[in-house]
Structures are given as C-alpha cells and as structure tokens.
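Accompanying notes for the structure given below.
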Amino acid sequence: MSFPWAQHYQPKAPFMRWLDEKLPLPRLVYNAIGGGYPVPRNLNYAWNFGVLAGFCLVLQIVTGVILAMHYAPNALVAFDSTEHIMRDVNWGWLMRYAHANGASAFFVVVYLHIFRGFFYGSYKAPREMVWLLGVTIFLLMMATAFMGYVLPWGQMSFWGAKVITGLFGAIPFVGEPLQIWLLGGFAPDNAALNRFFSLHFLLPFVIAGVIILHIWALHIPGSSNPTGVEVKSESDTVPFHPYYTAKDGFGLGVFLILYCAFLFFMPNALGHPDNYIPANPMATPAHIVPEWYFWPYYAILRAFTADFFFVPAKLMGVMAMFSSILVWFFLPWLDRSPVRSGHYRPTFRKFFWVLVIDLLVLGYCGGSPAEEPFVMISQIATAYYFLHFLVIIPLVSAFERPEPLPFSITEAVLGSDKKAVLGENTTPAT
Amino acid sequence: MVRIIGFFVGLFFAVGVLWAFATGAYTVASQGYLKEKTAETEFHRHPAALHLSSDGPFGKFDNRQLQRGYQVYKEVCKACHSLNHVAFRDLAELGYSEAEVKAEAASWTVPGIDPNTGEETTRPGTPTDYFPKPFANDIAARAANHNAIPPDLSLMAKARHEGPAYIHSLLTGFTDPATYKNEDGKSLKQEFPDFQTPPGLYFNPYFANLNLAMPPPLTSDGQVTFKDGTPATVDQMATDVAAFLVWTAEPSLGKRHQTGWPVLGFLLFATVLAFLAKKQVWARARVRRD
C-alpha cells in the first residue's frame, strides 16, 4: 500500500517493460526504496540508521561467508585456523577484522536505531508490528553475535559460552538437562562449537527474512517522523528516491569513515586480549566479560546477588536479563500517550535521557570486574531500568501534559501550512 | 491489563535488585571497606609506556629492530617459549634475503622422519617449517618449569593489555620484594608483612599475582651480541624483543596501515561528493513556489 499520490513505476526500456510483465522485481524495488515510496519530508539524521543496519548485515554476510571458506569449526584447530586466516589467507586479516568490527558497528547503528524509536515513539500505533519485528531482529542479532564470538575458540570464547549456556542451568527442574542438551556435553566442546558455527551461519539469513517483514510492515503505515504527526497531504512527503537515497548515501559515507578508522587503525580496540589465548578449560580468566554490546545486560544479570524470597539469585538474574529485552515487546501498550514524538513530551523527554545515562552506567559496570562499587551501582541502575519501562513510562503517559503539536509536517518544516503548496512534489524534480 | 501486570513485574524486579543492594550495602557497612585490599590489588604495577615505531596510525616496523628482537628470541626466549604460528619463511618480512632465510632456517633443528626407516628423527629446518617447540609436550614443559607451562609467544603482544609495554616491563621488572615500593611509595614489606614469594617463583610487580615461574631471562647487559652493533643493554633487548613480538602477533600491521590511508582518503572524497549531491537534491524540496 502507499499514499494515493505515490508515483507509479513506468518502465521505459522495452526490456524493463518485458521484465515488469513477467517478474515485477524492479517495480518492487521502486515501490520499496525508490520514487514510489513517499516519505515524510522532515526526517532528520536519526532516520539514517535503518539503512545503515541493513548495510551492516550485508557486510557481515559477505565477510562471514568468505571467512567460513577458511575457518575450521573443530575445537582442536579452530583457534589455529583463525590465525591461518590472519596470516596465510590473502587479505584474510582484512576479512576477519572487517567481520569482528562489523559486528560492533552493526550494534552501534542498531542501538541508535532503537533509541531513535524510543525517543520519537516509533513503536506506537499504527507501527506496533514494525517495532515487534525490530525487537525480534535484535534478539536474533544477539544470539548470532554471541555464537560468532565463540568461534575463534579463544579464552573469552570458551568462558563466555560457558557462562551464557550456564544461564539455562538456572531454570528450575529442567535447567541442567537442558544445558547439557544445548551444549551436547557437560561443558562447551567440539559439539557446542559445531552447532554454534552452524547456527551462526544460518541466523543471519533468518534475520534477513525478518528484515523483509520489518520493511514490509513499515511500508503499510509509512515511515514515522520527528514531529510524530501523521502524513496528511502530498506536501508532507517527498519520494524516497532521490531525496533519502541521497541523504542515506551521505550517512553511509560518514559511517564508513568511522568504521574504517577502527578497521585499519585500531582493529582490536573493542575486543578482549584474552581471546588471543587459546581456549583452556583448566584456566579461568581473571574477569569473564562479554563483548561491549552485551555489557548492560551482563550488569543486570550480575546485579542480583541475593536470593529474593524463594527465588534463587541466579534465577532472578537470568529472568531479569531476558526480561530487560522482552519488556520492549510490550512498549507499544505500556506507553499510551497519543503524542508520539519526545519533542512534544516534556516529562517523557527527561526520563528518556535518564534511561540513556542509566544504560551507559549499566554498560560501564557490566564491563568492569564483579566487585564493589560496580555491583552496587549496577543494582541501582537495574532498578531504574525496570521502573522506567514498567512504572514510569505508563504513569508519565497517563499524567503528562504534552506541548502543542504542529498542524502538519509541512507546517513544521515551512512554518505555515497555508503557505505550503500542495502537490509540489507530484513530479520528480528534474 | 498489560500496564497493571507490567507494573507488578517492574516492582518485582526493582524490589528484588534493591533487596540485593541492601544486602550488599549491609556487608560493606559491617566490614567497613568497599573492596578487600590484597597485595595483588595494591602492589600490582601497570606497564610503563613503551614507544615503538609500529605505534599509531602511521606506524611501521623497523626491520633492524625486528632482526635484533629475533636474535633475542633465538638466543634467550626460545629455550622455553614456542612461536607456533610463525614459519621461517615469514622471516623474509624482516628484510632477510631468500638465502639468509634458508640459512637461518637451517640453523634450527626441527623434528623430522627418517626417509629410510620411518622413525622420528631431527633435521635442519627449511623455510617452510614452523619454529620448533622447545618441549615435546605440556607435561615435559611443566616438569622443566616448576609446574608452569611457558606460554606460546606468537600472539603475546595482543594477548595482554598494553601487550608490548607489558612484555618490556615484565622483562625488566624483576625486583626484590623486600625493598619494593609501589607508585604511591608504599612498601610491600610494611603493608603486607606476610607476603612471601614461594620457592621456585620470582617476584615481579608487573605480573598479575606478583609471583611468576619465569626466572629473570635478561640478566646482564651484553647477554646478546647484536649483529648491527647496537649496545645490548637489558632495556634495549627487552624493547627489541617486544617489537619483534608485535610483528609475530600482527605481521600484517604495516600493510594494514598502508592500506588504511588510501581507503580513508577515498571515503572522505566520496563522502564530500555525497554531501554535495544531497545538498543539491534537497535544494529542490526546500524551494517555496508560492
């Protein structure tokens, strides 16, 4: 579906007309990210991260498939085969560093994408399904990244796998057998490494599938925008191409500059030195820490240091860690404010920034050793995290008095809707 | 309904974690300190800064230094430490000619198979061989080293925080615990009178738990006679071997830096063009036609 004023695909070349009759693939692309998709004209740079996330997925799949050609998923040689890629494979170091830093870059843009959604209320009706699919993609990404980190079979790979699969052991009654079944053994070993590799190869394609649904669901109501006011008329929109292809092109350039700075000049800055030590089940690292993008959840997991009535501390931590993401699924129904954008919600806006700081604090604590004062700080931050989504947001949405909204997107951009000319974008500017 | 259930779930987790906070706060208050102080936490020293030519985005290897570092590895470290991921052919990257690499490989003895009997034997190395291991297996390594396995050095510069600086500081940092003072000027003997270095271990404040099984490997100036005539002070030998281990850990470093600059240059150019294109495209949307 689209707005009535969306441009229609009109193939000019005979071949394109022929193709359009048999398989309208160019028409699909035209309506998805071409001139056939009218987009609010006021999107700011926070709206660049969806395209960048898609770019990161392609980057990860391309580099990952090449790495899989040279990698050996066997506990005896996995570490050595990674070094073989770094030393003997032509440009292998580039592929591996591109993949490892690509994972970090992917999470950076996806976090920014998610926080864009938090601030501008992108999760609200009529875009709940876009949001639900997005959170699903994020969960799949986390699983994929975790299993990918295990593959080099270094010390952090092994001990990270042990800690995370150990979480399943906290489930009452079935925990231990479930953990052994998932690992294919009592501890991570060849069986676990092989299934992690298999799933690590599979899941990105599942993610690609869910992304198609995510974009499909997005195209039904159309993109949200910084005012949160829905599109009313043609003057509120511009065609995706060339306006947002041009804007995304610039955004992609800035992203690539930052990414390549890491890739070429500090490729190990975001990794942990211990992962250059081969996995050793007999030697526990001094501090087991996951990759940076898991630090906030790791802090939440470790914050529960005391049993709570009949619930053991470990089970509390595991439930809280999973709930910290699952709660996002319910956000469209927790936040009932009819105003979408944080620009017009003075109280919500303040709590949004508290949440940002809270997550940075949790991240810092999650990357630090499990000792005081980090544990106590992460306990306060964890309490705020849950109160924010489950208590503060519902209450704020009930009591807040939003600021006046602009009448339309056009008015927000051009000042007065009366002066804005309807239909100025009927034809693509030439 | 979602909000009512959510409200109670939120309270459950918040109260649960604040309960844990209260328990922790009570413990801290009753013991009177946040974190227990131990000899390891108070007297461990961070590596001293080390500057190598490979540092920074313009860094590249100094081949003469790498050759000196290789010499230190060959004459000192290799007695106990393997270099599993490096082959003799890789030495060509240090500026050795093909003939020199062959001669260098041949100066090492590597395990081989007798072509007539099929029995295990030894033979001179060839450029395709990897550096031989000093011990037949882990048990032999433990037996010879006070129950500690000397770690492989190929990746050491990347496998420790501030790798090269750590290597340099560790090699030059052996000292007497009786007179050792930390950066704050506190004396180990005074603060922890019970601290002892167990027999067979050696005190080194740069090592995480202060005592390690490696005896000081670089003991006196001139221990190695550098072929290029550089005076072989202990500090020079430690610096050179740290530089060499940066190369063994990351042989592609020079090529990576060399590739990175043109890539960044191109991206910068392309991004400027993309910005101008974006400006031009959007100029049409901003035009008011009333």
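Laboratory data are not the source of any read-out in this text; all were calculated from the coordinates shown. These numbers were taken from a predicted model, which means no experiment stands behind them. Cβ: placed from backbone, ideal geometry, glycine included. Neighbour counts: every protein chain shown.
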- When only DSSP loop residues count, what trypsin sites (Lys or Arg not before Pro) in segment B:203-267 have their Cβ near at most 15 other Cβ atoms within 10 Å? B:227
- Message: Which residue fluctuates most in the GNM of chain A (Cα springs below 10 Å): A:282, A:86, A:142?
- Response: A:282
- Note on the structure: Comparing A:19, A:178, A:57 in a Gaussian network model of chain A (Cα, 10 Å), the one with the largest mean-square fluctuation is A:19
- Enter the angle in degrees (range 0 to 90, nearest 10) between the Cα long axis of helix A:92-120 and the first principal axis of the Cα atoms of chain A, meaning the one along which they spread out most. 60 degrees
- Message: Please enumerate, by chain and number, the aspartates and glutamates with C-alpha under 18 Å from the C-alpha of residue B:255, excluding those fewer than 8 residues away in the same chain.
- Response: A:83, A:88, B:55, B:62, B:90, B:93
- Round to a whole angstrom and tell me the spacing of the C-alpha centers of segment A:28-79 and segment A:119-158. 14 Å
- Query: Can you sort A:210, B:246, A:51 so the residue with the fewest Cβ neighbours within 10 Å comes first?
  - Reply: A:210, A:51, B:246
- Note on the structure: Given GluC sites (Glu not before Pro), DSSP loops and at most 12 other Cβ atoms within 10 Å, the longest exposed-site-free stretch of chain B is B:184-290
- Note on the structure: Kirkwood calc, the protein assembly as shown, C-alpha pairs only, radius in angstrom 29.5 Å
- Query: Arranged by the count of other C-beta atoms within 10 angstrom, fewest first, what order do A:310, A:119, B:8 take?
  - Reply: A:310, B:8, A:119
- Query: Taking 0.36 nm per intervening residue step and subtracting the Cα-Cα distance, what contour gain separates residue B:272 from residue B:138 on full extension?
  - Reply: 42.6 nm
- Item | Relative contact order (percent, whole number), segment B:1-117, Cα cutoff 8 Å, 6+ residue spacing | 12 percent
- Excluding residues fewer than 8 places away in the same chain, name every one of the lysines whose C-alpha is closer than 18 Å to that of residue A:247. B:278, B:279
- Note on the structure: With a Förster distance of 51 angstrom and the Cβ-Cβ distance between residue A:143 and residue A:233, calculated FRET efficiency to the nearest 0.05 equals 0.75
- Distant-in-sequence amide H partners of residue A:39 (H built 1.01 Å from N, under 5 Å): A:238, A:240
- Length-normalised contact order for chain B - Cα pairs under 8 Å, 6+ apart - percent: 24 percent
- Query: Which whole-angstrom value gives the distance between the alpha carbon centres of segment A:192-214 and segment B:184-230?
  - Reply: 49 Å
- Could you compute the FRET efficiency for residue B:113 and residue A:187, with r as their C-beta to C-beta distance and R0 at 35 Å, rounded to 0.05? 0.45
- Quick shape check on segment A:32-414: root eigenvalues a ≥ b ≥ c of the Cα gyration tensor, a/c under 1.5 is rounded, otherwise prolate if a/b tops b/c, else oblate, and it reads oblate
- Message: Contact order normalised by length for segment A:32-414, with contacts defined as Cα pairs under 8 Å and 6 or more residues apart; what percent is it?
- Response: 24 percent
- Query: Measuring from centroid to centroid over Cα atoms, what is the spacing of segment B:124-161 and segment B:64-82 in Å?
  - Reply: 13 Å
- Item | Residue of B:231, B:150, B:199 that the Gaussian network model of chain B assigns the largest fluctuation, springs spanning Cα pairs under 10 Å | B:199
- Task: Please list the non-local residues whose amide H lies under 5 Å from the amide H of residue B:112, H modeled 1.01 Å from N, same-chain partners needing a gap of 5 or more.
- Result: B:121, B:122, B:123
- Query: Which FRET efficiency, nearest 0.05, do residue B:48 and residue B:261 yield, Cβ-Cβ r, R0 22 Å?
  - Reply: 0.15
